[in-house]
Structure formats: C-alpha cells, structure tokens
1. Which ones in the stretch 57-79 are closer than 16 Å to residue 36 by Cα, in contact with a Gly (Cβ under 8 Å, 6 or more places away or on another chain) and among the aliphatic types (A, V, I, L, M)?
2. Just a yes or no: is a residue in the stretch 41-59 farther than 20 Å from residue 188 by Cβ, within 17 Å of the chain's Cα centre (by Cα) and modelled with pLDDT under 95?
3. Just one of (1) in contact (Cβ under 8 Å) with a residue 12 or more places away in the chain; (2) in a helix (DSSP H, G or I) trips up residue 165, so point out which.
4. Which condition number does residue 173 fail, the rest of (1) modelled with pLDDT of 95 or more; (2) more than 19 Å from residue 248 (Cα to Cα) being met?
5. For residue 275, are the conditions met, namely being in a helix (DSSP H, G or I), at pLDDT 95 or above and in the same structural domain as residue 78 (by TED's automatic domain parsing)?
6. Any chance the stretch 227-242 includes a residue that's assigned to a loop (DSSP other than H, G, I, E, B) and crowded, with 18+ Cβ neighbours inside 10 Å?
7. Has the stretch 43-60 got at least one residue that is at positive phi, touching a Phe, Trp or Tyr at 6+ places or on another chain (Cβ under 6 Å) and assigned by TED's automatic domain parsing to the domain that holds residue 219?
8. With respect to residue 131, determine if the residue is within 25 Å of residue 9 (Cβ to Cβ), surrounded by fewer than 19 Cβ atoms within 10 Å (Cβ to Cβ), out of contact with any strand residue (DSSP E or B) (no Cβ under 7 Å at 6 or more places or on another chain) and not assigned by TED's automatic domain parsing to the domain that holds residue 83.
Amino acid sequence: MTDTRIIDMHVHSSASDGTFSPALLLSEAKKAGLSAMALTDHDTMDGIEEAAAAAKELGIELVPGVEISTEYHDREIHVLGYYVSANYPRLKAMLEEFRDFRATRNVRMVKRLQEEGFSITMEQLTEKFPDSVLTRAHMSRFLCETGQIPDTRTAFAKYLGENCCCYIDRPKISPVEAVILIREAGGLAVLAHPVLCDLPETDLRQMIVEMKEAGMCGLEAVYSENSAEDEVHMRKLADEFDLLITGGSDFHGSNKPDILLGVGKGNLHIPYAFLQSLKEKR
C-alpha cells in the first residue's frame with residue numbers, strides 16, 4: 001500500500017525568527033494535513049517543549065531539531081540537526097552563547113539604524129513583537145510596517161544584510177564543527193538548502209566531503225527556493241555522495257509570507273519516506 005503521508009522537515013517558530021508560536025505551528029501543521037513536522041529554529045531549541053506538548057495533543061509526530069549557523073569560505077552555511085538532545089552540555093553552552101550575543105548584537109544594530117536616520121528603538125521592537133526572540137527579520141518588518149522602507153528585501157539589501165552598514169557579525173563555527181556537535185548530542189546532521197550556500201561547485205563539493213567525513217548523513221534537496229533544475233542537481237549530489245535526501249519549506253510565518261507550511265511556494269511534496277530513511281540512521 002502506498003504511503004501518502006506528507007511532512008515538513010524545516011520550520012521556524014517565534015522561538016527564533018518565525019512569527020507563529022510553537023503550539024500554533026503544530027495546529028497549522030494539523031490543518032495542512034502534515035503527519036510529521038521538524039521544528040528547526042535558528043541556534044535555539046527553546047520552542048521544543050511547547051511544540052512537543054502540542055504535537056502530543058494533536059497527534060502529529062514532532063522531530064526535535066535545530067538549525068545551526070556556521071561559516072565556510074566567508075559564506076554563511078546552515079546545518080540542520082534532527083533528534084538532537086537539547087540538554088547535551090556542549091551544544092547547550094554554544095546555543096546559550098549565541099543567544100546572549102544576539103541580545104547585545106540587537107542593541108548595536110538598532111543603534112546603527114538610528115544613526116542612519118531610522119526611528120526605531122529596542123522598546124518599540126519588544127512592544128511590537130512581545131513573544132518573539134528578536135532578530136534582523138523583526139527589525140526589517142518594523143521598518144516596513146512603519147513606512148520607513150518599501151519592503152523587507154530593501155532592509156536586508158541596504159542595511160541589515162551581511163556587509164551592510166547596520167550589520168553586526170556574530171560568532172560562528174565551521175560546518176564540520178556543527179556536524180560533530182550534532183552527532184555528539186545524539187542527532188543527525190543535514191546540510192540545509194545547499195543552493196543558498198552560494199558556493200562555487202568545487203567548494204560546495206569539498207564542503208560536502210568534509211561534512212560527510214565528520215558524520216553528516218543528508219542534503220536538503222527538496223526546498224522552497226529551489227528551481228526544478230536545482231532539485232535535480234541536489235538529488236544527484238546526494239546520490240553521488242551516498243547521502244539521504246530531506247526536504248523542508250523553511251516556513252517563517254509572515255516573515256516569509258510567500259512560503260506556506262508543507263508546500264513552500266506550492267512546489268513541494270515532502271513524503272514521509274524521507275523521515276523514515278532518516279530515522280533508520282539513528
């Protein structure tokens with residue numbers, strides 16, 4: 001009998017830069033007909049407990065996860081960790097360090113925005129987004145919704161994006177270090193949206209080799225921003241390097257309004273078989 005279950009393995013909540021609470025995400029996943037969902041917030045697992053309680057009540061399989069920010073050849077690379085233990089001491093310490101730095105980083109970026117002539121304060125951001133961990137996405141939304149910029153893309157292209165005038169860099173580890181940490185914490189490591197790594201093909205391949213040697217088991221080949229050609233290429237890479245294929249929407253709620261839970265931009269179909277293959281690696 002054919003397994004028709006669908007899933008989403010890359011989702012963000014208000015515990016990082018999404019706009020839906022973890023519990024609301026699970027409710028929306030139920031409405032979308034998902035059988036399983038991975039919560040993969042940026043550099044935090046603070047939403048997992050709430051999500052797990054909602055998943056149990058709604059009868060949806062929750063995969064506890066995290067998306068770790070790393071750097072390779074001056075490019076930001078994201079590594080997904082599935083079935084990670086949030087209480088593993090080294091991982092917990094690193095995520096706490098990232099969280100603490102983010103708080104001071106936000107203050108410094110807001111100050112730079114003020115110096116560029118924008119009317120924005122930390123108090124305004126906290127009032128507007130009371131249940132969120134504040135990020136650059138919230139700053140861009142605030143500037144857009146208060147009519148100070150035409151859209152959020154402009155905010156990132158001119159002010160908040162990497163190397164822009166209001167950007168403050170953050171501590172990063174290498175992709176290999178992230179893979180090792182995920183494996184130590186009992187998890188499975190997957191390279192997120194390889195196309196968005198924006199690396200030359202030779203560098204991408206070399207990075208994949210290094211990450212696989214460290215214990216990485218999969219590539220996110222099915223992804224909202226991929227073209228049909230991108231997906232074919234990523235599937236071929238996964239096959240060539242004997243890696244599992246995973247897929248996710250990268251849903252962020254209204255911070256990425258064109259991406260829907262489970263289906264991305266309408267181009268995704270993520271079968272439960274992807275998750276089953278991942279679980280067999282545990």
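The values are calculated or read from the model by the stated rules, or taken from the named source; none is laboratory data. Model, not experiment: these values are computed from the prediction. Positions of Cβ are backbone-derived with ideal geometry, glycine not excepted, and every protein chain shown enters the neighbour counts.
1. 66
2. Yes; the residues of the stretch 41-59 include at least one that is farther than 20 Å from residue 188 by Cβ, within 17 Å of the chain's Cα centre (by Cα) and modelled with pLDDT under 95.
3. Just one mismatch for residue 165, condition (2).
4. So residue 173 meets the others, but not (1).
5. When the stated conditions are applied, residue 275 passes them.
6. no
7. yes
8. Answer is yes for this residue.
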